[in-house]
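Notes for the one structure printed next.
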Amino acid sequence: MTDVSRREFGKLAIAAGVGTGLPEWAGPKPMIGIQVGAVSFVDEGVAPVLDRFQHDTAVNTLFIAAFSYGRGIAGRQIPGQPLPDHGKQEYDSGYHGGNFARVHPPYYTGTSLKKIQAPDYAGFDVLGDVIPEARKRGMKTICWYEDVFRNDLEGVDRLQETTLSGKKASTLCFHNPEVQAFWRALTEDFVRSYQLDGIMWGSERQGPFDNAIRGAHEGGRDPMEVTCFCEFCKQAAKARGVDPQRAIEGYTKLAALVRATSRPADGYFVSYWRLLVQYPEILAWEKLWNDGLQATYASLYKLAKEIRPDIGVGWHIWHNNSFSPFYRAEQDYAEFRRYSDFLKVVMYNNCGGPRLASYVRGVSHTMLGDFPPEAVLNWTYGVQNYAGEGRLDEIPQRGLSADYVARETKRAIAGVGGAVKIWPGIDIDIPTAANEKKTQPEDVRAAVRAALAAGADGVLLSRKYSEMRLANLRAAGEAVRG
Ligand SMILES: [Zn+2]
């Protein structure tokens with residue numbers, strides 16, 4: 001058997017189960033999950049938080065944010081956003097981040113990034129202290145960790161990406177063996193040290209072409225600072241017959257096109273396309289970056305299954321999948337079948353409105369600059385399978401509809417062909433600007449119902465309990481219980 005068919009066979013054997021017919025990690029259907037970080041257990045107590053999840057919200061699976069240096073899934077509410085109606089009523093502006101479980105040093109011998117213990121809640125082990133309480137209540141626990149770092153960590157510089165202009169980036173390179181060693185060490189630590197039902201890792205990043213053309217919802221990137229052009233990436237490129245010097249030349253011309261202050265004589269689209277034809281190394285480098293990410297998924301999947309064949313392994317799929325067709329083309333659900341038991345596909349419909357508008361305004365300055373932003377939005381609706389959503393000036397305040405959630409759920413299910421569980425990520429109070437869409441209970445009820453009616457195997461309430469208001473959480477429970 002090839003590696004892939006052996007893995008497929010292994011998945012089928014596990015899925016066949018003993019007695020239940022269901023893999024042990026999957027738990028009850030529908031899976032009702034919630035993302036929660038250490039600060040909520042520290043502030044509110046482990047038992048009260050779990051009781052609330054079970055009784056008010058019908059949650060049967062915890063997705064515990066165990067590692068991140070970001071504030072999206074860990075820490076309290078982001079400063080400046082209104083605090084929710086539970087937890088400590090003050091901001092944690094001194095948040096640091098890291099591993100919120102206990103770090104077991106022997107696993108980290110292959111990487112110089114090893115001092116990762118989060119200093120935020122000394123003595124509290126978010127996995128060790130919560131899992132026994134969850135098990136007592138019959139709740140599953142999935143360890144949730146993401147690809148977000150800070151620059152002031154000892155040893156991190158050796159792992160960082162290199163930008164087109166030659167600077168160090170704050171992001172880590174998937175082609176760097178120490179980065180692979182780091183993710184494997186962290187994964188092994190989690191899987192061997194704790195009684196987990198599953199692991200979910202996520203990387204909210206994309207390749208240099210997508211970043212250069214501003215193909216994301218988070219605002220512009222400097223096209224001279226896209227990644228990665230480190231020595232490991234150059235070696236990997238040469239091994240596949242791609243000339244690094246030609247790639248650097250192509251990306252430098254791409255940056256000049258992005259920075260042009262007036263419309264090129266042949267228009268934007270033709271000029272970009274011409275560059276892609278003249279420098280196929282541009283897309284070859286984009287593929288190189290994506291192959292590094294996919295190799296990481298495959299490596300972590302294999303590692304976790306070797307240690308614990310009964311553990312569930314899946315991935316958080318970034319929201320940009322809903323906006324940018326360039327990014328969506330790189331998220332091939334059929335390909336994910338090779339190394340996934342489940343996918344949390346982000347379908348945050350409330351903040352989706354302002355985020356889609358932001359993406360549209362970004363690409364309207366680059367490759368799609370021949371069209372006014374409203375036309376780019378309509379083109380995006382067509383390409384990305386939307387129907388009945390608002391105008392560009394409406395969607396930041398209206399958000400996106402539950403129909404969007406249903407459509408994305410069906411597309412994901414069709415894409416994986418039944419081989420992988422689909423758990424849509426549902427938006428509860430994800431921060432937006434003051435004048436933009438805010439989550440209401442009816443939004444949560446409609447989105448949860450839409451996902452389950454479209455055939456989802458469960459839903460994952462996101463991004464973190466510490467920013468969710470209780471009425472919106474209860475609405476999720478109401479939708480599940482009918
Ligand atoms: Zn690199």
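The values are calculated or read from the model by the stated rules, or taken from the named source; none is laboratory data. Everything numeric here is computed off the predicted structure, so don't read it as measured data. All Cβ positions, even for glycine, are placed from backbone atoms using ideal geometry, and neighbour counts span all protein chains on display. Note: areas computed on protein heavy atoms with side chains; ligands, DNA, RNA excluded. Shrake-Rupley method; radii C 1.70, N 1.55, O 1.52, S 1.80 Å.
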Filter the range 218-230 for residues that are surrounded by fewer than 21 Cβ atoms within 10 Å (Cβ to Cβ) and touching a Ser or Thr at 6+ places or on another chain (Cβ under 8 Å); which is nearest to Trp273 (Cα to Cα)? Met224
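Residue by residue, here is whether (1) open to solvent by less than 10 Å² (accessible area, probe 1.4 Å); (2) under 20 Å from Gly155 (Cα atoms) holds:
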residue: Leu62; (1), (2): yes, no
residue: Arg76; (1), (2): no, no
residue: Tyr91; (1), (2): no, no
residue: Tyr95; (1), (2): no, no
residue: Lys115; (1), (2): no, yes
Kindly list, by first and then second residue, each pair from a residue in the range 221-236 that is among the polar types (S, T, N, Q) to a residue that is assigned to a loop (DSSP other than H, G, I, E, B) and more than 9 Å from the ligand (Cβ to nearest atom), limited to pairs with Cβ atoms under 8 Å and residues at least 6 apart or on different chains. Thr227/Leu164
Within the range 198-217, of all residues that are out of contact with any helix residue (DSSP H, G or I) (no Cβ under 7 Å at 6 or more places or on another chain) and either open to solvent by 10 Å² or more (accessible area, probe 1.4 Å) or free of Cβ contacts under 8 Å to residues at least 40 places away in the same chain (or both), the one farthest from the ligand (Cβ to nearest atom) is Glu204
Of all residues being surrounded by fewer than 20 Cβ atoms within 10 Å (Cβ to Cβ) and within 16 Å of Tyr69 (Cα to Cα) in the range 159-171, which is farthest from the ligand (Cβ to nearest atom)? Just the residue, please. Ser170
Can you run down the residue pairs with Cβ atoms below 6 Å, 6 or more apart or on separate chains, where the first is in the range 149-169 and assigned to a loop (DSSP other than H, G, I, E, B) and the partner is open to solvent by 80 Å² or more (accessible area, probe 1.4 Å)? Glu154/Lys115
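Filter the helices (runs of 4 or more DSSP H) completely within the range 362-446 down to those with at least 1 residues that are open to solvent by less than 10 Å² (accessible area, probe 1.4 Å), of a type in the set (Ser, Thr, Tyr) and on the phi < 0 side of the Ramachandran plot. Full working, then the answer.
Details: elements: 373-383, 395-398, 402-416.
Once the helices (runs of 4 or more DSSP H) in the range 362-446 are filtered for at least 1 residues that are open to solvent by less than 10 Å² (accessible area, probe 1.4 Å), of a type in the set (Ser, Thr, Tyr) and on the phi < 0 side of the Ramachandran plot, what remains is 373-383, 402-416.
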If you check every pair at least six apart or on different chains, which have Cβ atoms under 6 Å apart with a residue in the range 324-346 that is closer than 13 Å to Ile422 by Cα first and a residue that is at pLDDT below 95 second? Arg337/Ala419
I'm trying to understand the selection: among the residues of the range 225-278, which are within 16 Å of the ligand (Cβ to nearest atom), out of contact with any strand residue (DSSP E or B) (no Cβ under 6 Å at 6 or more places or on another chain) and under 18 Å from Asp210 (Cβ atoms)? Val226, Cys233, Ala237, Val242, Ala247, Ile248, Tyr251
Can you run down the residue pairs with Cβ atoms below 7 Å, 6 or more apart or on separate chains, where the first is in the range 172-191 and within 14 Å of the ligand (Cβ to nearest atom) and the partner is open to solvent by 30 Å² or more (accessible area, probe 1.4 Å) and of a type outside the set (Gly, Ala, Ser)? Cys173/Phe232; His175/Phe232; Asn176/Phe232; Glu178/Arg158
Across the range 299-317, the tally of residues that are touching a strand residue (DSSP E or B) at 6+ places or on another chain (Cβ under 9 Å) and of a type in the set (Asp, Glu) stands at 0
